[in-house]
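A.B. asks: Take this structure, written in structure tokens, and hold onto it; I'll ask about it next.
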Amino acid sequence: MLKSTEYGKEICVKGWVRTHRSSKAVDFIALNDGSTIHNFQIVVDPTKFDAELLKQITTGACICAEGTLVESQGAGQSCEMKATGLQVYGLCGNDYPMQKKGQTMEMMRKSAHMRLRTNTFGAVMRIRHNMAMAIHTYFHDHGYYYFHTPLITASDCEGAGNMFQVTTKNLYDLKKDEQGKIIYDDDFFGEQTSLTVSGQLEGELGATALGAIYTFGPTFRAENSNTPRHLAEFWMVEPEVAFIDQEELMDLEEDFIKYCVRWALEKCKDDLEFINDNKFLTPNHDLIPRLEGVLKETFVRLPYTEGINILQEAIKQGKKFEFPCNWGDDLASEHERYLVEEHFKKPVIMTDYPRAFKSFYMKQNEPVAGGSPDGASVGYKGSVAPGPTMQGTDVLFPQIGEIIGGSVREESYDKLMAEIDRRQMDKTHLWWYIDTRRWGSCPHAGFGLGFERLILFVTGMQNIRDVIPFPRTPKSAEF
């Protein structure tokens, strides 16, 4: 409709009023139905309509307008409507929280049920939809199978313990044993269960049967975190692939994320331009150039040990970090962003992390010649890293930090069992996962991409609560 040249055609449009400008000679109503960032202009002769009806057409009101499509006399649109009929579906009073004025993101979060109608959140949600379509299209076209993993689980994939419990038990009358531990025999599943933090473990089973699968669904983490990068409920994309090694996994990560960014630039042009040109959202108008830069650059492939050396050299040169970055430390977001934004000025895939802070299922690097018997790696200050490393492949992005966490998975039964025993993990709920290493094990690898972090990068938004329709965070589960 916005680009139609069928002037003289009788049309009907329905939507929500963005603005209504009135004068004695003519009224201009900007209408939006949510399908695009652009409004459709309705020109009204106030002498032909009831004054009380026109007063009801305020910002946020829902209306139906009939009239004739005419060539626009103003700039910014090729056509508009000359109204012959107006009907108000839903009134909107002066207390409507999304008035056409500057509102802070924090204020709009308090009205999450209404913020979706604003230009900003309409743009973000349309981009979110397109990113979901890009993900499904990429994997379908590359021969992956969409694999559904359970949301309710008895195992803790990450070993972190920060999980939401699922139970039908009466919390006011819990059955306990002599040691005071809760007995779950009478619970719905007969054992303690939780909402999943990842579909990876079950996804590995799919990969060892179908060759290449991906999961795409909600995951949950009960971390008491209020940072701009964390949610309690978020969506994860987790491909798992048989018969690929670390280099091939990094190729997949880079190709996949570039595909998503390219899709956004091609199919979300209007919404990205709106965000890019909005000083409130993107003061430096650098969103589109930043996205285009990702496509032009080859991602740096950086061993963790070399990254530590770079960070320590930066400290010697006067760079200040809040958190320590010695070998064996889990890098903070400030360290990751320094490497991406200041040192390399391009995305980085960091590899070969210390075993101490990586998951039990990751493949351990083999000991190197001259290294220590526990699998230490070359590269630490020109010699040997003080500890074994795992074949992790985490993608670090500007403005975000880690956007993908991946690794080669340990396919050896003996090595996997040794790592589980070393960490003194309870095998009770992992027996089925361990069986995959007993019967027909194969080399395989995969990664997890936080969907909301991808949307953060593509939209340039600053808080993860603003790229999901209804955020779930500590002390907040409204809407």
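The values are calculated or read from the model by the stated rules, or taken from the named source; none is laboratory data. Since the model is a prediction, treat every value here as computed from it, not as a measurement. Here Cβ is always computed from backbone atoms with ideal geometry, including for glycine, and neighbour counts include all displayed protein chains. Note: areas computed on protein heavy atoms with side chains; ligands, DNA, RNA excluded. Shrake-Rupley method; radii C 1.70, N 1.55, O 1.52, S 1.80 Å.
A.B. asks: Restricting attention to region 398-438, report how many residues are at pLDDT below 95 and assigned to a loop (DSSP other than H, G, I, E, B).
C.D. replies: Number of matching residues: 11.
A.B. asks: Considering region 169-195 alone, what residues qualify as being among the hydrophobic types (A, V, I, L, M, F, W, C) and either open to solvent by 70 Å² or more (accessible area, probe 1.4 Å) or not in a loop (DSSP other than H, G, I, E, B) (or both)?
C.D. replies: Of everything in region 169-195, those that are among the hydrophobic types (A, V, I, L, M, F, W, C) and either open to solvent by 70 Å² or more (accessible area, probe 1.4 Å) or not in a loop (DSSP other than H, G, I, E, B) (or both) turn out to be L171, I182, F188, F189, L195.
A.B. asks: Taking only region 423-461 into account, find how many residues are touching a residue at least 12 places away in the same chain (Cβ under 8 Å) and polar (S, T, N, Q).
C.D. replies: Going through region 423-461 one residue at a time, the tally reaches 3.
A.B. asks: For region 196-225, name all the residues that are open to solvent by 40 Å² or more (accessible area, probe 1.4 Å) and either part of a strand (DSSP E or B) or free of Cβ contacts under 8 Å to residues at least 12 places away in the same chain (or both).
C.D. replies: Within region 196-225, A209 is the sole residue that qualifies.
A.B. asks: If a residue has to be basic (K, R) and in contact with a Pro (Cβ under 6 Å, 6 or more places away or on another chain) to count, how many in region 444-479 make the cut?
C.D. replies: 1
A.B. asks: Do we have N162 as at pLDDT below 95 and surrounded by 14 or more Cβ atoms within 10 Å (Cβ to Cβ) here? Walk me through it before giving the result.
C.D. replies: Values: at pLDDT below 95: yes; surrounded by 14 or more Cβ atoms within 10 Å (Cβ to Cβ): yes.
So N162 fits the description; yes.
A.B. asks: Is there any pair linking a residue in region 236-265 that is over 16 Å from F397 (Cα atoms) and of a type in the set (S, T, N, Q) to one that is crowded, with 19+ Cβ neighbours inside 10 Å and modelled with pLDDT of 95 or more, with Cβ under 6 Å and at least six apart or on different chains, and which?
C.D. replies: Here the result reads Q246/Q391; Q246/V408, each pair linking region 236-265 to a residue that is crowded, with 19+ Cβ neighbours inside 10 Å and modelled with pLDDT of 95 or more.
A.B. asks: Looking at (1) surrounded by fewer than 16 Cβ atoms within 10 Å (Cβ to Cβ); (2) on the phi < 0 side of the Ramachandran plot, find the lone condition where G76 falls short.
C.D. replies: Single failed check for G76: (2).
A.B. asks: Right, another one. Can you find even one residue in region 3-16 that is outside any loop (DSSP other than H, G, I, E, B), surrounded by 12 or more Cβ atoms within 10 Å (Cβ to Cβ), modelled with pLDDT of 95 or more and touching a Cys at 6+ places or on another chain (Cβ under 6 Å)?
C.D. replies: Within region 3-16, one or more residues are outside any loop (DSSP other than H, G, I, E, B), surrounded by 12 or more Cβ atoms within 10 Å (Cβ to Cβ), modelled with pLDDT of 95 or more and touching a Cys at 6+ places or on another chain (Cβ under 6 Å).
A.B. asks: What are the residues in region 226-238 that are part of a loop (DSSP other than H, G, I, E, B) and modelled with pLDDT of 90 or more, if any?
C.D. replies: Answer for region 226-238, where residues must be part of a loop (DSSP other than H, G, I, E, B) and modelled with pLDDT of 90 or more: L231, A232.
A.B. asks: Please list, ordered by first then second residue, the pairs with beta carbon atoms under 6 Å, 6 or more apart or interchain, first in region 462-479 and under 13 Å from F121 (Cβ atoms) and touching a residue at least 12 places away in the same chain (Cβ under 8 Å), second of a type in the set (V, I, T) and surrounded by 15 or more Cβ atoms within 10 Å (Cβ to Cβ).
C.D. replies: What qualifies is V467/V124; V467/I455.
A.B. asks: Can you confirm whether region 288-299 contains a residue that is over 30 Å from K100 (Cβ atoms) and among the basic types (K, R)?
C.D. replies: Yes, because at least one residue in region 288-299 is over 30 Å from K100 (Cβ atoms) and among the basic types (K, R).
A.B. asks: For the subset of region 326-361 comprising residues that are farther than 24 Å from K316 by Cα and out of contact with any strand residue (DSSP E or B) (no Cβ under 8 Å at 6 or more places or on another chain), which member is modelled with the highest pLDDT?
C.D. replies: F360
A.B. asks: Quick one: M461 ticks every box in (1) in contact with a helix residue (DSSP H, G or I) (Cβ under 7 Å, 6 or more places away or on another chain); (2) not in a loop (DSSP other than H, G, I, E, B) bar one, so which box is it?
C.D. replies: Here M461 meets the rest and fails (2).
A.B. asks: It is to be established whether one or more residues within region 143-154 are open to solvent by less than 60 Å² (accessible area, probe 1.4 Å), modelled with pLDDT under 95, under 30 Å from E253 (Cβ atoms) and under 22 Å from the mean Cα position of the chain (by Cα).
C.D. replies: No.
A.B. asks: Quick one: would you say A30 is small (G, A, S) and in a loop (DSSP other than H, G, I, E, B)?
C.D. replies: In short, no.
A.B. asks: Then there's this: Can you find a residue in region 296-308 that is open to solvent by 40 Å² or more (accessible area, probe 1.4 Å), part of a helix (DSSP H, G or I) and under 15 Å from H335 (Cα atoms)?
C.D. replies: yes
A.B. asks: Residues in region 404-441 that are touching a Gly at 6+ places or on another chain (Cβ under 9 Å), buried (at least 16 other Cβ atoms within 10 Å of the Cβ) and of a type outside the set (S, T, Y): how many?
C.D. replies: 5
A.B. asks: State all residues of region 338-361 that are open to solvent by 60 Å² or more (accessible area, probe 1.4 Å) and within 30 Å of L201 (Cβ to Cβ); if no residue qualifies, say none.
C.D. replies: Of everything in region 338-361, just one residue is open to solvent by 60 Å² or more (accessible area, probe 1.4 Å) and within 30 Å of L201 (Cβ to Cβ), namely A356.
Listed here are the residues, each with its yes/no results for (1) out of contact with any Phe, Trp or Tyr (no Cβ under 7 Å at 6 or more places or on another chain); (2) closer than 21 Å to N119 by Cβ; (3) open to solvent by less than 30 Å² (accessible area, probe 1.4 Å).
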| site | (1), (2), (3) |
| --- | --- |
| V26 | yes, no, no |
| A30 | yes, yes, yes |
| G34 | yes, yes, no |
| V44 | yes, no, yes |
| K48 | yes, no, no |
| I57 | yes, yes, yes |
| C64 | no, no, yes |
| T84 | yes, no, no |
